[in-house]
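Here is the structure we will look at.
The values are calculated or read from the model by the stated rules, or taken from the named source; none is laboratory data. Note that the structure is a prediction, hence the values are computed from the model and not measured. Glycine gets a Cβ as well: all are built from the backbone with ideal geometry, and neighbour counts include every protein chain shown. To get the accessible areas, we keep the full protein, side chains included, count just its heavy atoms, and leave off ligands, DNA and RNA. Shrake-Rupley method; radii C 1.70, N 1.55, O 1.52, S 1.80 Å.
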Amino acid sequence: MDPDRDDAARLRRGDTSGLTGLMGRHQDRLFRYLLRLAGDEAVAEDVFQQTWLQVAERISRYDGARPFGPWLFAVARNLALDHLRRRRSESLEEVDEPAAPAGIESDPLAHAIARERTGRVAAALFALAPLDREVLALRFEEDLALPQLAQTLGVPVPTAKARLYRALARLRERMLAAAPAEGWR
Amino acid sequence: MSGHVTDLLALAAAGALDPAEAARVEAHLRDCAACAGEAAQWRHLAEGLGRMPSPRPSRALVARTVAAVEERLAEHAERAWNRAALGFLVAFAWTLAVVAWLLVDLVRGELALRLGSSMAPTAAWYAAYVIAGWLTAGAAAVLLGRRSHEEGRTV
């Protein structure tokens, strides 16, 4: 018995109890992933809602023989990247200036307080480009192994491996830039 | 420097090395204090990434999302019903037109025999009646569709 498959079948018939079942099991992971990818709570909330709307509309395209999670994340990822591309003029793989953590105004003091509160790692993570945050979130928070990581990103395994390496290297650079005397531990 | 595995240490901490690479790193770290020290720093960073706070969606967001999906599903169901109803009406109308013509043709033949007169113009009048009926129905459907669209619904 696969609860995801059963709830997807209910949703396909227009029964919204299927939706609440799917949301109950996947909403936390999905929201966390979108927050890491978008770096902005308002954007994450908007894409969260759009994702479930699209899931409901396209549930007939979901193959019940496959796990629901990767399909859900693929829908969310496409929506999030479209949203980010519309908002950003620069590439999703690069960021020129460190961004403040989500919800924090561009105030040096507030940024420093947030950094202390959320930790150096979190602050450095917020400063990364969206695609860097995404690959780190998928590997370290969603605990995806390399093959699953590559599948979620829609790239070959060597490419996923290279992205993971670059994201870690950039994270280390951010931490060193933020506090050179403290190193990157 | 030759032999050092610094390029692999980040991926080692991420658990992303293949078995051959992992074995090479493990063997090197046993003999290289510098790389072992850097490996420990990467592991610490990886542990920090794994302990990030895990935000959850608010109840309001979840409720809003469920309500939005329910509304969208209701719209889809209404559109599907409207399409089915329209398809049934079109099929019914064509069936009725064909059956009516057969009946008219039957009656026309009987009356012509009894009255001894030609009923040829009847066919033209019947064709005109059917065409007028279809044009009227089409105009009504267009007007209904426009009104529904102005009300924010689609048919």
Residue pairs meeting the criteria (Cβ under 6 Å; at least 6 apart or on separate chains; first on the phi < 0 side of the Ramachandran plot and without any contact (Cβ under 8 Å) to a residue 40 or more places away in the chain, in the stretch B:51-75; second part of a loop (DSSP other than H, G, I, E, B) and surrounded by 15 or more Cβ atoms within 10 Å (Cβ to Cβ)) | B:73/A:14
Could you list, in sequence order, all residues of the stretch B:6-20 that are assigned to a loop (DSSP other than H, G, I, E, B) and open to solvent by 60 Å² or more (accessible area, probe 1.4 Å)?
-> B:18
Within the stretch B:1-30, can you find the residues that are out of contact with any Gly (no Cβ under 9 Å at 6 or more places or on another chain) and more than 18 Å from residue A:161 (Cα to Cα)?
-> B:1, B:2, B:3, B:4, B:26, B:27, B:29, B:30
Only one of these is in contact with a helix residue (DSSP H, G or I) (Cβ under 8 Å, 6 or more places away or on another chain), under 30 Å from residue B:4 (Cα atoms) and within 14 Å of another protein chain (Cβ to nearest Cβ): B:64, B:72, B:56, B:43. Name it.
-> B:43
Might you let me know whether the stretch B:58-77 holds any residue that is modelled with pLDDT of 90 or more, of a type outside the set (A, V, I, L, M, F, W, C), closer than 30 Å to residue A:42 by Cβ and over 25 Å from the mean Cα position of the chain (by Cα)?
-> yes
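Kindly establish whether residue A:167 is at pLDDT 95 or above, open to solvent by less than 30 Å² (accessible area, probe 1.4 Å) and within 11 Å of another protein chain (Cβ to nearest Cβ). Don't jump to the end; show me each part of the working.
Details: at pLDDT 95 or above: yes; open to solvent by less than 30 Å² (accessible area, probe 1.4 Å): yes; within 11 Å of another protein chain (Cβ to nearest Cβ): yes.
Taking the combined requirement at face value, the residue satisfies it.
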For residue B:89, work out the one condition from (1) closer than 30 Å to residue B:125 by Cα; (2) touching a helix residue (DSSP H, G or I) at 6+ places or on another chain (Cβ under 9 Å); (3) loosely packed, with under 11 Cβ neighbours inside 10 Å it doesn't fulfil.
-> (3)
List, please: which pairs have Cβ atoms under 7 Å, are six or more places apart or on different chains, and start with a residue in the stretch B:30-44 that is open to solvent by 40 Å² or more (accessible area, probe 1.4 Å) and end with one that is not β-branched (Val, Ile, Thr)?
-> B:38/B:9; B:41/A:184; B:41/A:185; B:43/B:13; B:44/A:185
Return yes when residue B:7 is under 41 Å from the mean Cα position of the chain (by Cα) and farther than 30 Å from residue A:47 by Cα and no when it is not.
-> no
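Given the structure, is residue B:23 of a type in the set (A, V, I, L, M), modelled with pLDDT of 90 or more and open to solvent by 50 Å² or more (accessible area, probe 1.4 Å)? So that I can check it myself, show each step before the final result.
Working: of a type in the set (A, V, I, L, M): yes; modelled with pLDDT of 90 or more: yes; open to solvent by 50 Å² or more (accessible area, probe 1.4 Å): yes.
The answer is yes for residue B:23.
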Considering residues of the stretch A:67-124 that are aliphatic (A, V, I, L, M), modelled with pLDDT under 75 and touching a His at 6+ places or on another chain (Cβ under 9 Å) only, the residue most open to solvent (accessible area, probe 1.4 Å) | A:104
At negative phi, open to solvent by 60 Å² or more (accessible area, probe 1.4 Å) and more than 8 Å from every other protein chain (Cβ to nearest Cβ): does that describe residue B:99?
-> yes
